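For reference, the structure is listed below as structure tokens.
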Amino acid sequence: MEFFTSPDIPLMTKLLEVVYIIIGLICLYTAGRNLFDKENKSPWGTAAFWGSVGIVIAFGRWLPDIVSGALILLMSASAILRLVKPGQDLAPTAEQTKAKFDRIGMKIFIPALSIGIFSLVFAFLGGNALVGTGFGVLVAMVLLFAFSTDNKPKVFFDDAARFLSIVGPTSMLPPLLAVLGSVFTLAGVGDVIAGIVGRFIPQGNVNIGIVVYALGMMLFTMIMGNAFAAITVMTVGIGAPFVLAYGADPAAIVMLALTCGYCGTLLTPMAANFNIVPVAILDMKDKMGVIKNQILPAVIMIVFQIIYMILIK
Amino acid sequence: MEYIKLIGILIVVLGFALKLDSILIIITAAAATALVSGIDIATLVETFGQSFVANRSMTIFILVMLVTGTMERNGLREASSALIGRIKGATAGIVIAAYGVIRGIFGAFNVGIGGVAGFIRPVLIPMATGTIESKGHKVDENHLEQIKGMSAGIENISWFFCQVLFVGGAGALLVQGTLANLGYDVPLIRLAAVEIPVAIVGVAVGIIYYWLKDRRLCIKYYSKEK
């Protein structure tokens with residue numbers, strides 16, 4: 001409580017902590033709902049996953065690191081042992097959504113856009129973008145309630161728990177990859193890669209560094225099927241020592257490297273969610289039918305981005 | 001033998017390529033790297049906790065889920081299809097292009113409108129084939145296959161290159177976290193701003209390519225019937 005009453009801590013920091021507590025509560029609500037869901041085949045494992053991540057997100061600021069770490073391992077263990085299952089799916093029927101559309105109509109776009117607008121406004125005014133996101137979500141909820149009083153707090157929480165259960169443990173990949181990245185940094189992995197790559201590409205030529213970094217991101221993403229996994233490894237190994245070390249703009253170079261990775265995602269069957277699952281959902285004959293339609297745009301975009309990176313570095 | 005430190009990267013590359021459980025790969029890679037680098041277990045667990053808490057911002061999508069499901073419940077998908085349906089004289093290529101633009105705009109605002117299973121299959125494909133049937137043609141099987149491929153393609157292209165415009169999207173947060181590990185402090189708004197040309201060019205390339213391709217296919221399959 002001291003944290004929230006202390007005048008020395010900026011308001012945005014306090015509000016951000018409130019946002020994390022709400023996110024944590026959503027996870028804990030998801031844990032509770034799955035625990036008492038008779039249709040969930042693994043209520044305890046699912047509750048352990050969402051419960052432990054919920055505690056770390058909500059109270060991580062105050063927990064000792066070793067406790068948070070242990071909870072993250074518990075979360076990971078329940079996912080690895082395949083004990084996390086989505087329970088009952090309470091999706092609305094087509095008739096229900098149609099009936100709502102007939103009443104609400106195009107106004108539904110207003111709450112849809114409010115989240116992004118508030119994030120942007122807060123970021124521009126020097127506030128915290130994530131607090132802005134939270135504010136936008138609040139506005140969207142109020143608007144949805146104004147459109148239809150059926151949209152009570154419980155509906156929002158139930159729908160959030162439903163979506164969270166559907167995406168499941170995969171949703172925790174970005175923070176876990178960031179954790180892996182910090183272990184790599186702690187161990188000095190980047191220095192070793194830099195030593196190897198340095199034998200093949202000349203030191204001090206930033207443009208060559210950019211080309212290798214961008215193409216490397218694309219190829220690594222194609223092999224791994226995941227640009228998020230590639231960016232942690234490639235940035236520590238190539239981006240930092242061969243591009244950023246020579247004074248290139250870190251925000252521009254690394255962010256664009258991520259979208260270079262996305263070009264790789266467009267080209268690989270390893271990214272099954274995007275390129276192979278749709279083939280099945282759409283009953284296509286050619287297994288590579290989606291990828292074939294993405295080759296030309298991906299090639300144009302990687303070339304465009306490399307030129308853009310060299311120009312604005 | 002400094003090279004042994006690369007074991008974690010080897011595990012990540014092989015693990016993802018062999019489609020093993022993603023979280024298993026990450027934990028194994030972290031543990032193996034710590035083991036060969038002389039990091040003890042307590043320090044490793046502490047690093048896990050410290051780093052996850054420092055990267056809690058990447059879970060902001062959970063907050064947005066408070067409204068995504070409820071917006072779907074209140075007719076967001078129906079409203080999007082009504083918007084595309086307002087275009088006059090549409091062809092399959094134009095329907096796909098319109099979806100690409102709408103998907104991109106919503107992607108920039110971090111809002112999904114159903115994806116392949118929720119929108120493309122039940123709404124977009126029937127709309128696209130409807131434009132061919134309304135001209136009195138029977139939809140050619142090979143054309144249909146390409147319409148499906150292009151629809152899934154524009155879904156990916158618009159989403160990939162436009163979601164990075166959202167201030168506080170997962171990709172930007174991971175970049176911010178990765179750079180923080182390396183000692184660089186970058187604001188999220190800059191990460192979004194630098195992607196503006198990429199998003200515009202990406203969507204433009206996608207919709208122009210598919211529009212031209214569809215036009216060529218329409219001539220190939222339907223011009224003789226008249």
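Miscellaneous remarks
- Selected residue (criterion: surrounded by the most Cβ atoms within 10 Å (Cβ to Cβ)) from residues of the range A:254-301 that are within 22 Å of the chain's Cα centre (by Cα) and of a type in the set (Val, Ile, Thr): A:Val254
- Lone unmet requirement of (1) facing another protein chain (nearest Cβ under 10 Å); (2) under 21 Å from the mean Cα position of the chain (by Cα); (3) more than 17 Å from A:Gly168 (Cα to Cα) for A:Ile72: (3)
- Of all residues in the range A:219-253, those that are among the hydrophobic types (A, V, I, L, M, F, W, C) and under 16 Å from the mean Cα position of the chain (by Cα) total 5.
- Unique residue being within 16 Å of the chain's Cα centre (by Cα) and either outside any helix (DSSP H, G or I) or within 25 Å of A:Lys154 (Cα to Cα) (or both) when the list is B:Gly100, B:Gly107, B:Gly118: B:Gly118
- Odd one out for A:Ser148, checked against (1) among the polar types (S, T, N, Q); (2) buried (at least 19 other Cβ atoms within 10 Å of the Cβ); (3) within 7 Å of chain B (Cβ to nearest Cβ): (2)
- Evaluation of A:Gly188 against the conditions (1) more than 7 Å from every other protein chain (Cβ to nearest Cβ); (2) at positive phi; (3) not hydrophobic (A, V, I, L, M, F, W, C) shows that the sole unmet condition is (1).
- Residue in the range B:124-138 that is facing another protein chain (nearest Cβ under 9 Å), modelled with pLDDT under 90 and buried (at least 19 other Cβ atoms within 10 Å of the Cβ) present: yes
- Of all residues in the range B:165-172, at least one satisfies being part of a helix (DSSP H, G or I) and either out of contact with any helix residue (DSSP H, G or I) (no Cβ under 7 Å at 6 or more places or on another chain) or free of Cβ contacts under 8 Å to residues at least 24 places away in the same chain (or both).
- Criterion (open to solvent by 40 Å² or more (accessible area, probe 1.4 Å) and farther than 30 Å from A:Glu39 by Cα) met by exactly one of A:Leu138, A:Leu73: A:Leu138
- Any hit, the range B:152-162, residues being out of contact with any Ser or Thr (no Cβ under 7 Å at 6 or more places or on another chain), open to solvent by less than 20 Å² (accessible area, probe 1.4 Å) and within 30 Å of A:Gly127 (Cα to Cα): yes
- Helices (runs of 4 or more DSSP H) completely within the range A:74-161 that count 2 or more residues being at pLDDT 90 or above: A:129-147
- Residue count for the range A:97-123 under the criterion of being more than 20 Å from B:Arg56 (Cα to Cα), under 24 Å from the mean Cα position of the chain (by Cα), facing chain B (nearest Cβ under 7 Å) and not aliphatic (A, V, I, L, M): the result is 2.
- Counting the residues of the range A:3-55 that are among the aromatic types (Phe, Trp, Tyr) and touching a Ser or Thr at 6+ places or on another chain (Cβ under 7 Å) gives 2.
- Taking every residue in the range A:168-184 that is within 7 Å of another protein chain (Cβ to nearest Cβ) and pairing it with any residue that is crowded, with 23+ Cβ neighbours inside 10 Å and basic (Lys, Arg), at least 6 positions away or on another chain, the pairs with Cβ-Cβ distances below 8 Å are A:Pro175/B:Arg56.
- Taking the range B:173-215 as the range and being of a type outside the set (D, E, K, R) and outside any helix (DSSP H, G or I) as the test, the residues that pass are B:Leu182, B:Gly183, B:Tyr184, B:Val186, B:Pro187, B:Val194.
- Residue ID - nearest to the other protein chains (Cβ to nearest Cβ), chosen from residues in the range B:67-104 that are farther than 30 Å from B:Val139 by Cα and open to solvent by 10 Å² or more (accessible area, probe 1.4 Å): B:Arg73
- Checking each residue in the range A:124-135 for being among the β-branched types (Val, Ile, Thr) and either more than 9 Å from chain B (Cβ to nearest Cβ) or open to solvent by 80 Å² or more (accessible area, probe 1.4 Å) (or both) picks out only A:Val131.
The values are calculated or read from the model by the stated rules, or taken from the named source; none is laboratory data. Every value quoted in this text rests on a predicted model; they were computed, and no experiment measured them. Every residue, glycine among them, receives a Cβ derived from its backbone with ideal geometry; neighbour counts consider all protein chains shown. Just so you know, the surface numbers come from the protein's heavy atoms only, side chains and all, with ligands and any DNA or RNA stripped out. Shrake-Rupley method; radii C 1.70, N 1.55, O 1.52, S 1.80 Å.
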